[in-house]
């Protein structure tokens, strides 16, 4: 299967540090690898409504925002969550996207869990702290989500930045970006530190 990367941008700011770092990593992908970039701020998802015990799930129309994300997610071999570190985890926009996965697990005809099994989840984030361990909750969220779906987890590319463009001065992060997507991602496991995420 030809690799197809879906970059889900979870920042409220265009060209934020997380997005800039993701772009640097994506520049290293081979030319024949398809890339799709979708901004959750520009194409916001509706609030997630948990219908598990109330009504039947229906597949969102392809021309709806939820349908756009569902179709793009199912088509991707590699899903890259690009989110700044907000209160030590993913942004609210990103969390809403992940919450919709709960509904898609029960969407008729989607086979969401079976389709994503064996595919790869990656993360890219910028944080204002110098201590990388403050991103542990974000890394855990992504790893555990991947583990539940039997996906591979490529780890999280961390960069330092607060003001716009700061991450472009983080030489270590830019160096890691050059080989980030070239690594073979292991199957995600609990706990996340067992997979040695790339920080």
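Checked across segment 130-140, the condition of being surrounded by fewer than 21 Cβ atoms within 10 Å (Cβ to Cβ) and within 13 Å of the chain's Cα centre (by Cα) holds for at least one residue.
If you go through segment 155-186 one residue at a time, how many are part of a helix (DSSP H, G or I) and either more than 16 Å from the chain's Cα centre (by Cα) or surrounded by fewer than 21 Cβ atoms within 10 Å (Cβ to Cβ) (or both)? Explain how you work it out, then say what you get.
Taking segment 155-186 as the starting set, the residues that turn out to be part of a helix (DSSP H, G or I) are 166-169, 171-177, 180-182.
Those left that are additionally either more than 16 Å from the chain's Cα centre (by Cα) or surrounded by fewer than 21 Cβ atoms within 10 Å (Cβ to Cβ) (or both): 166-169, 171-176, 182.
Residues meeting the conditions: 11.
The residue that is surrounded by the fewest Cβ atoms within 10 Å (Cβ to Cβ), counting only those in segment 102-121 that are touching a helix residue (DSSP H, G or I) at 6+ places or on another chain (Cβ under 7 Å) and at pLDDT 95 or above, is 115.
The values are calculated or read from the model by the stated rules, or taken from the named source; none is laboratory data. Keep in mind it's a predicted model, so treat the numbers as computed, not measured. Backbone-built Cβ (ideal geometry, glycine too); neighbour counts: all protein chains shown.
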